Ligand code: PEP
């Protein structure tokens, strides 16, 4: 069954102490919620990942990684492997965030390698993609997203889709305060589901969770989440505040 998911991407924010306070705050905010078929995910920095995993144990909060390297081990200074993540009980990793693409030059081909490495290591993948403003303005958004999917993920085995969550994040809406309209999100999510359904099976597409990301906040979450193909959100800025993030969780 398709799951509802609210995931917070903390990016390069919060050291150990702040991570502890934010998780404590979030625990309090959501402890009485009945989260049936809904997953709550946070992605702290690598520095606080293990302490966050320990702190979240026994709660409904899942702790995931923001990135990983595709190689098994070796001379990759500053990088973290799938095995390392698994050694601290991480089960899920975000791959392809637009900041990884634009700031760290990760190409579709590199992201395909990362996806393969994560899945081969039994890690679940949250795969992010989305068009630039220019592509939206010139009505090339569907073409661009179709191409990113084709170049990075449409080669995986059918059986691996149970370990994939997709996150559509139009680049022009990330951290800008500008959000895709619920209609724009729905159009794209239906398109994505159709692409996966055509290439694989409709059952795989139906069971796939597709998240929307881009300036989701308490004031707009409910409207976006109400669309039939939007299964939740990947939240940046608003996930750094326990009250705001929990308000978004309550909107699902
Ligand atoms: C993100 O970084 O994935 C994101 C959606 O950020 P924000 O919510 O701040 O736009």
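Enter the mean projected area of the convex hull around the alpha-carbon atoms of the stretch 55-171, in nm², rounded to one decimal.
On the way: hull surface 33.3 nm².
If you wrap the Cα atoms of the stretch 55-171 in a convex hull and average its projections, you get 8.3 nm².
Give the order of 24, 160 when sorted by the count of other beta carbons within 10 angstrom, beginning with the fewest. All intermediate terms of the calculation are to be shown ahead of the outcome.
Numbers: 24 12, 160 18.
The most exposed by this proxy come first: 24, 160.
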Practice task
Could you run the Debye sum over the Cα atoms of the stretch 197-246, one equal point scatterer each and no solvent, and tell me log10 of I(q)/I(0) at q = 0.15 Å⁻¹, two decimals?
Solution key: -0.48
Handout entry: Computed over the stretch 97-252, Kirkwood Rh from alpha-carbon pairs, angstrom
Key = 15.8
Exercise for the section: Taking 7 Å along the Cα-to-C-beta vector as the label spot, tell me the residue 79-residue 1 distance in nanometres, rounded to one decimal. Expected result: 4.0
Completion exercise
Pseudo-spin-label distance residue 21 to residue 222, built 7 Å along Cα→Cβ, given in nm, is 3.0
Completion exercise
Inter-part gap, Cα centre of the stretch 2-22 to Cα centre of the stretch 232-252, in whole angstrom, is 10
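Grab the Cα-Cα distance for residue 176 and residue 121, subtract it from 0.36 nm times how many residues apart they are, and report the gain in nm with one decimal.
Details: separation 55, 0.36 × 55 = 19.80 nm, distance 3.47 nm.
Difference between extended and current length: 16.3 nm.
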Practice task
Using only Cα atoms, locate the centre of the stretch 190-214 and the centre of the stretch 92-152, then give the distance between them in Å, rounded to an integer.
Solution key: 15
Handout entry: Whole-percent pair-distance distribution, where bins are 10 Å wide, for the alpha carbons of the stretch 15-109
Key = 14, 42, 32, 12, 1
Handout entry: Relative intensity, log₁₀ I(q)/I(0), of the stretch 27-73 from a Debye sum that treats every alpha carbon as a point, q = 0.13, 0.28, 0.31, 0.34 Å⁻¹
Key = -0.37, -1.09, -1.18, -1.26
Fill in the blank from the handout: The base-10 log of I(q)/I(0) that the Debye equation returns for the stretch 118-197 at q = 0.13, 0.15, 0.16, 0.20 Å⁻¹, one scatterer per C-alpha, is -0.42, -0.56, -0.63, -0.92
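Apply the Kirkwood formula to the stretch 1-58: the hydrodynamic radius equals the inverse of the mean of 1/r over all pairs of different alpha-carbon atoms; give it in Å with one decimal.
Details: mean 1/r = 0.0818 Å⁻¹.
Result for the stretch 1-58 stands at 12.2 Å.
Classify the stretch 113-158: rounded, prolate or oblate, from the alpha-carbon gyration tensor (a ≥ b ≥ c, eigenvalue square roots; a/c under 1.5 rounded; otherwise prolate if a/b is larger than b/c)?
The shape class here is prolate.
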Problem - Stokes-Einstein D in µm²/s, Kirkwood radius over Cα pairs - the stretch 80-125 at 37 °C with 0.692 mPa s viscosity - result: 301
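Every number here is computed from the coordinates shown, using simple stated rules; none is lab data. Every value quoted in this text rests on a predicted model; they were computed, and no experiment measured them. When we count neighbours, we look across all protein chains shown, and the Cβ atoms used for this are built from the backbone with ideal geometry, even at glycine.
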